[in-house]
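Accompanying notes for the structure given below.
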Amino acid sequence: MTAILSDETTRDTTARPHYRMFIGGEWVDATEHYDIVDPATEEVVATAAKGGVEHVDLAVAAAKRAFESGEWRTTPPARRADVLDEVVAIIGGRVDELTRLGTVENGAPLRLSAALSVGFPLTHIQYFADLLRKYEWQRPGPVAGQVLHASFTRREPLGVCAAIVPWNFPLVLAVWKAVPAIAAGNSVVIKVDEKTPIGTLEIAKILGEAGLPDGVLNVVTGDGPTVGAHLVAHPDVRKVSFTGSTATGREVMRLASGTIKRLTLELGGKGPNIVLDDADLDVAVDGSLYAFLLHAGQSCESGTRLLLPDSLHDEFVQRLVARARTLRVGDPLDPATDIGPVMSAVQRDRILGYIERGRQEGASVVLGGGSPSGPEYAKGFWVEPTLFTGVTNDMCIAREEIFGPVLSILRYGSVDEAVAIANDTEYGLSAGVWSRDVGRALEVAERLEAGSVWINDWHNLSQYMPFGGYKQSGSGRELGPDALDAYTEEKAITIDLSGSLDRRAYGLVLGTSPEVAEG
Ligand code: NAI
Ligand code: MG
């Protein structure tokens, strides 16, 4: 078995670690391998197994066996929660190492990586453990009724659940899917993105160390359209949780329809960010930059359409540009860095293509607009923070998810107009409002078609709050107090207490009911 150790994953290493898949408690290799590339340097920092559909079949079979054995699902919930507590403790002992791994894997700057690879996983897993401790597995229904009976509902795990996660927040998103599923007693197969398997494999290892039985969690690495699609369509998979693009989400929905699987989908976004004319400009300028620049804009819930009132437009843009110029784009392992690289050459070229498109559509670049120049950017995948003014909501840069550090700035006259522009999108994941008058901001917030609305803030994803999209941004919610419901079925059990079949509908059919005799 290949050891997965921190010192193997630093950039200084000469011997590259090789990561295998985790199936049925074993580390399983494939004949073909992926290169894992550090997006800041283009160096191959590790290799990983390139799994095939046969590995999906193995993983689903292992998950099904584990579920049917009942070992985990019949473990008392409080004891299952203890295992999750242990996971939290182990993560807490590996803070620096996991943070660094996250940065090397997808270019998130260290300060952000500390949240993504440690802070969020740790607090979210702790929250799921707490939810599990107080989860209402059974609820009483009414007793009596016309024919004396008692009833109750019972929550049960679904069976084998599939999780498909992307590369932008691989570890956090794997946790959001796999941990509530496991907490509820299910078995899970995660298909990670082929570019970012490392953090998720670490978590799988940690769960094993904490006492999760073999086969309850399995991780397969492989291509989306083949291996991912095979997992989604697998007849033994009862539920699919997917985060990624809306286009792939649509395909996942189609593939899942064959066996009517339960679905949770977290898809794309084009978050409208409305600055009201009474906003605190110091807070709103910084907040609007934060809204679209976190992780170089590679976040589904970014604020990528900035809506400014005519009265503030010029001053606000000027201040945005001045402030954005102070941000440091560079080595994500340097704690002073604000913005790191984008994930890959494919993503960089896609973003640059959108910037070109914006110019062609007649919008003006007032900051950035390309790849930064200089020796420190000779290697790696870089895009400058880019601001477009003169954007109208029909332009492609206002309608499509760019997934890079690109902001489209639109102007509005009235608040009604701002709300109409904000809602004129196929997406509905996030939105924001900035105002000194919270009552006024709330009125706007209530009119926005989005799963999360932040007032005078952005990216505040709390474990206590549900997260998910309206419209084509997805279906279902993750996190929040109902997170375990998404991984359980609800069964209604009704018990007759009358001891008689009289006075029932089928009594009428059989002709035994007094009503029939009288009637
Ligand atoms: P994607 O949506 O194609 O990939 C996400 C995950 O789905 C990956 O693990 C991938 O291997 C898997 N996948 C791909 N095709 C599949 C299929 N037919 N069946 C099952 N699984 C499949 O996203 P991609 O190609 O990495 O990025 C393209 C664009 O998607 C980005 O530029 C961005 O706009 C958007 N995106 C949005 C994300 C979000 O959080 N909303 C995350 C990642 C990408
Ligand atoms: Mg794709």
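Name, by its number, the condition in (1) in a helix (DSSP H, G or I); (2) closer than 24 Å to E489 by Cα; (3) more than 16 Å from ligand 2 (Cβ to nearest atom); (4) not charged (D, E, K, R) that does not hold for Y290.
(2)
So if I check each of L352, L320, which one is out of contact with any helix residue (DSSP H, G or I) (no Cβ under 6 Å at 6 or more places or on another chain) and either surrounded by fewer than 20 Cβ atoms within 10 Å (Cβ to Cβ) or assigned to a helix (DSSP H, G or I) (or both)?
Numbers: L320 fails: out of contact with any helix residue (DSSP H, G or I) (no Cβ under 6 Å at 6 or more places or on another chain).
Matching residue, one of L352, L320: L352.
Just give me the residues in segment 208-228 being crowded, with 21+ Cβ neighbours inside 10 Å and small (G, A, S), in sequence order.
If we filter segment 208-228 for residues that are crowded, with 21+ Cβ neighbours inside 10 Å, which is where we start, we get 212, 215-222, 227-228.
Matches in segment 208-228: G215, G222, G228.
Kindly indicate which of E54, E71, E105, E136 is surrounded by fewer than 21 Cβ atoms within 10 Å (Cβ to Cβ) and touching a residue at least 40 places away in the same chain (Cβ under 8 Å). Steps first, please.
Working: E54 fails: touching a residue at least 40 places away in the same chain (Cβ under 8 Å); E105 fails: surrounded by fewer than 21 Cβ atoms within 10 Å (Cβ to Cβ); E136 fails: touching a residue at least 40 places away in the same chain (Cβ under 8 Å).
Exactly one of E54, E71, E105, E136 is surrounded by fewer than 21 Cβ atoms within 10 Å (Cβ to Cβ) and touching a residue at least 40 places away in the same chain (Cβ under 8 Å), namely E71.
Here are the criteria: (1) at pLDDT below 95; (2) farther than 29 Å from R262 by Cα; (3) part of a strand (DSSP E or B). Tell me which single one T512 does not satisfy.
(3) is the only condition that T512 fails.
Select, from L265, L276, the only residue that is closer than 30 Å to W434 by Cβ and within 16 Å of ligand 2 (Cβ to nearest atom). Can you show your working first?
Working: L276 fails: within 16 Å of ligand 2 (Cβ to nearest atom).
L265 is the lone residue from the list that is closer than 30 Å to W434 by Cβ and within 16 Å of ligand 2 (Cβ to nearest atom).
Hey, does segment 262-275 have a residue that's of a type outside the set (G, A, S) and in a helix (DSSP H, G or I)?
The answer is no; no qualifying residue exists.
Can G249 be described as crowded, with 22+ Cβ neighbours inside 10 Å, of a type outside the set (S, T, Y) and either on the phi > 0 side of the Ramachandran plot or within 16 Å of ligand 2 (Cβ to nearest atom) (or both)?
So G249 fits the description; yes.
Taking segment 187-208 on its own, how many of its residues are acidic (D, E) and either closer than 20 Å to F120 by Cα or without any contact (Cβ under 8 Å) to a residue 60 or more places away in the chain (or both)?
Narrowing segment 187-208 to residues acidic (D, E): 193-194, 202.
Next, from what is left, pick out any that are either closer than 20 Å to F120 by Cα or without any contact (Cβ under 8 Å) to a residue 60 or more places away in the chain (or both): 193, 202.
Of the residues in segment 187-208, 2 are acidic (D, E) and either closer than 20 Å to F120 by Cα or without any contact (Cβ under 8 Å) to a residue 60 or more places away in the chain (or both).
Here are some conditions: (1) out of contact with any strand residue (DSSP E or B) (no Cβ under 9 Å at 6 or more places or on another chain); (2) surrounded by 14 or more Cβ atoms within 10 Å (Cβ to Cβ); (3) free of Cβ contacts under 8 Å to residues at least 60 places away in the same chain. P375 meets all but one. Which one does it not meet?
Of (1) out of contact with any strand residue (DSSP E or B) (no Cβ under 9 Å at 6 or more places or on another chain); (2) surrounded by 14 or more Cβ atoms within 10 Å (Cβ to Cβ); (3) free of Cβ contacts under 8 Å to residues at least 60 places away in the same chain, only one is false for P375: (2).
Given the criteria buried (at least 20 other Cβ atoms within 10 Å of the Cβ) and either touching a Lys or Arg at 6+ places or on another chain (Cβ under 8 Å) or not small (G, A, S) (or both), does V118 qualify?
Details: buried (at least 20 other Cβ atoms within 10 Å of the Cβ): yes; either touching a Lys or Arg at 6+ places or on another chain (Cβ under 8 Å) or not small (G, A, S) (or both): yes.
Yes; evaluated as a whole, the condition is true for this residue.
If I go through segment 482-499 residue by residue, how many of them are more than 49 Å from the chain's Cα centre (by Cα) and either modelled with pLDDT of 95 or more or surrounded by 11 or more Cβ atoms within 10 Å (Cβ to Cβ) (or both)? First the steps, then the outcome.
Within segment 482-499, the subset more than 49 Å from the chain's Cα centre (by Cα) is 498-499.
Filter once more, so that each one left must be either modelled with pLDDT of 95 or more or surrounded by 11 or more Cβ atoms within 10 Å (Cβ to Cβ) (or both): 498.
Number of matching residues: 1.
Taking segment 195-241 only, how many residues are part of a helix (DSSP H, G or I) and either outside the structural domain of M253 (by TED's automatic domain parsing) or within 16 Å of ligand 2 (Cβ to nearest atom) (or both)? Spell out how you get there, then give the answer.
Taking segment 195-241 first, the residues part of a helix (DSSP H, G or I) are 198-210, 224-233.
Okay, now just the ones that are also either outside the structural domain of M253 (by TED's automatic domain parsing) or within 16 Å of ligand 2 (Cβ to nearest atom) (or both), so 224-232.
Matching residues across segment 195-241 total 9.
Using the structure shown, decide if V275 is crowded, with 22+ Cβ neighbours inside 10 Å, modelled with pLDDT of 95 or more and over 22 Å from the mean Cα position of the chain (by Cα). Working first, answer last.
Working: crowded, with 22+ Cβ neighbours inside 10 Å: yes; modelled with pLDDT of 95 or more: yes; over 22 Å from the mean Cα position of the chain (by Cα): yes.
When the stated conditions are applied, V275 passes them.
The values are calculated or read from the model by the stated rules, or taken from the named source; none is laboratory data. These numbers come from a predicted model, not from an experiment. Positions of Cβ are generated from backbone atoms using ideal geometry, with glycine treated the same way; all protein chains shown enter the neighbour counts.
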